Every structure is written in structure tokens, then in C-alpha cells.
Amino acid sequence: MARTVWDSSVGKKTVMAVSGLIMVLYLVAHMIGNLKIYFGAGEFNHYAHWLRTVGEPFMHYEWTLWLIRVVLVVAVVAHAVSAYQLSRRDINARPSKYVHKKPRASYATRTMRWGGIILGLFIVWHILDLTTGTVHSGGFQEGHPYQNVVDTFSTWYGNVIYIVAMLALGLHIRHGFWSAAQTLGAGRRTRDRALKTVANVLALVLTAGFICVPVGVMTGVVS
Ligand code: HEM
């Protein structure tokens, strides 16, 4: 049964929709948490510490964080694998006589594919930058994310990488949220208009909310 669902295109689209929505929930929380940077180093670093102790004493130190990490990794892998398989199917299904006459995929589909690749690369860079410190520009200090974030946005390339990725994120969520709603069967004309508005607002709020952080550092409000 599970095999049949996974093999179908609708099954793969459902996996993409559900994993995408899980990631959006995480991003809303992450964006709100990041805005705490405007309340100063004490509050921001305290929040990062809380992320590791949440659920105690029932949960051990960092258990909840690891649980979230596992869910996110499963969501990212499921999303990427089904996207890849759907796009292979799409390309293989095209009659070869059209190959040179028609563009391979619609503008939205191509934007989603490139956006997904950019975001995948960004997530790897971002973890190496602010979680492990491997590619961090300053002297990475574990447990002091405030200073680490200020260091990242004190370099031109840090700002470029993050701002380009956030714009890609906005476009990806705008179209992705809308597609997810269609897949999960929300499509009806009156509701469609409302869903498009929700997709636009969500994309705009997330992009602007995330970009507020580098802008805060660049303008010296956060230092
Ligand atoms: C301006 C934008 C962003 C800033 C300033 C930012 C900041 C941070 C910081 C400071 C951490 C480390 C937290 C800690 O160790 O306590 C972190 C972790 C993380 N961020 Fe972001 N983030 C941004 C955007 C994003 C986006 C767009 C995504 C996803 C597409 C993302 C996904 C993650 C993930 C997966 C982690 C790793 C969590 C972990 O396992 O510890 N971030 N971020």
C-alpha cells in the first residue's frame, strides 16, 4: 500500500507538500527567534541556550533539539528525493520531437528547481557557518550565536549569500505553498484566491523577517 502511494506522482507530490509544510513551520519559528537579536546579546544567547534545555527534566540536554533536527533532515531528504524523481518523470515523459521546440518546463517549475538547489546549498553553508563554525568568518564561539551572527554579516559575502538565499526562499515558498494547497485538495475558486494571498503574505513575511537580521547588522543597529 505505502509502496503504491510512493510510486504514484500524487503520492510524491503529497510527500513534497507535507514535508514542505513541516519546513515552513520550522522557518516561521526560526524567523521569530532570530528577531530576538534586536533585544541584545543577553536575550539572544539565552534563547539559544533554552533551545538546548527545552523539555528538561523529562528530556535530557539537547534531546528536543536533536528530535527537531531528525524531523528536519527527514523532511529535507523526502522533499529533495521526491522533487528529483518527479522532475525525472516529467523529462522522460516528454515526446522527443518537442525537445527543441518547447521549453523543457514552465517558468515556475524551473524557478522551483533552481530555487531548491540554491536553498539546499544554502542550508549546508549556513550549518557550516553558524552551527559548526567550519566556514565562519570570525573566531566562531560556541554558545555565543549573537557575536557569530554579527561576524557573519560584517562581511560582504555573508550578506550576499544570506540575502540571495532569502530571496530564493521567498519565491520558493510563494509557489510551493500554493502547489501544496492544490495537492492537498484545497483547490476551489473562492478558496484559491485566499490561498494565493496566504502564500504571498507568508513568503513576504518570512523573507522580510529573515533579511531584517543582516540589515540590522549592516546599519549598525545590531552590533
Ligand atoms: C538571516 C537569516 C538567518 C539567520 C540570521 C539564521 C541564524 C541561525 C543561527 C544563529 C543558528 C544557530 C543557532 C544555535 O546554534 O543556537 C541557525 C541554525 C539553523 N538555521 Fe538559521 N538563520 C537564518 C536563516 C535560515 C534559513 C532560511 C534556514 C532554512 C532554509 C535556516 C535553517 C537553519 C538550520 C537547519 C539550523 C541548524 C539548527 C541546528 O541543528 O542547530 N536558517 N540559524
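Laboratory data are not the source of any read-out in this text; all were calculated from the coordinates shown. Keep in mind the model is a prediction, meaning the values are calculated, not measured. Methodologically, a virtual Cβ is constructed for each residue, glycine included, from the backbone with ideal geometry; neighbour enumeration extends over all protein chains shown.
Values for this structure:
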quantity: Relative contact order for the range 1-94, counting Cα pairs under 8 Å that sit 6 or more residues apart, in percent; calculated: 36 percent
quantity: Sequence-distant residues sharing a close amide H with Val135 (under 5 Å, placed H); calculated: Asp129
quantity: Whole-Hz couplings from phi, Karplus 6.51/-1.76/1.60, listed for the range 119-135; x for Gly and Pro; calculated: 5, x, 5, 4, 4, 4, 4, 4, 5, 5, 7, 9, 9, 9, x, 4, 10
quantity: Phi to ³J(HN,Hα) by Karplus 6.51 cos²θ - 1.76 cosθ + 1.60 over the range 155-166, Hz, x for Gly, Pro; calculated: 10, 5, 6, x, 5, 4, 4, 5, 5, 4, 5, 5
quantity: Modelled FRET efficiency - R0 45 Å, Leu204 with Asp90, Cβ distances, 0.05 increments; calculated: 0.95
quantity: Normalised contact order of the range 2-218, rounded percent, pairs of Cα under 8 Å and 6 or more residues apart; calculated: 28 percent
quantity: Segment Trp114-Lys196, length gained on full extension (0.36 nm per residue, minus Cα span); calculated: 27.4 nm
quantity: Normalised per residue, the volume of the convex hull around the Cα set of the chain (Å³); calculated: 168 Å³
quantity: Chain lengthening between Trp6 and Thr53 when straightened (0.36 nm per residue, less Cα-Cα); calculated: 13.2 nm
quantity: Projected label distance in nm at Leu184 and Trp125, using a 7 Å step from Cα toward the beta-carbon; calculated: 3.0 nm
quantity: Fewest-first ranking of Leu184, Leu202, using other Cβ atoms within 10 Å as the exposure measure; calculated: Leu184, Leu202
quantity: Residues Leu171, Leu51 arranged by fewest to most Cβ contacts within 10 Å; calculated: Leu51, Leu171
quantity: Residues Val164 and Tyr38, FRET efficiency given R0 of 35 Å [Cβ-Cβ distance, rounded to 0.05]; calculated: 0.95
quantity: Stretch in the chain that is longest and holds no trypsin sites (Lys or Arg not before Pro) that DSSP places in a loop and that have at most 15 other beta carbons within 10 Å; calculated: 1-100
quantity: HN-Hα J in Hz across the range 203-218 - Karplus 6.51, -1.76, 1.60, θ = phi - 60°, x for Gly and Pro; calculated: 4, 5, 5, 5, 4, 5, x, 5, 5, 3, 6, x, 5, x, 6, 5
quantity: Neighbour-count order for Trp156, Trp125, Trp114, fewest beta carbons within 10 angstrom listed first; calculated: Trp156, Trp114, Trp125
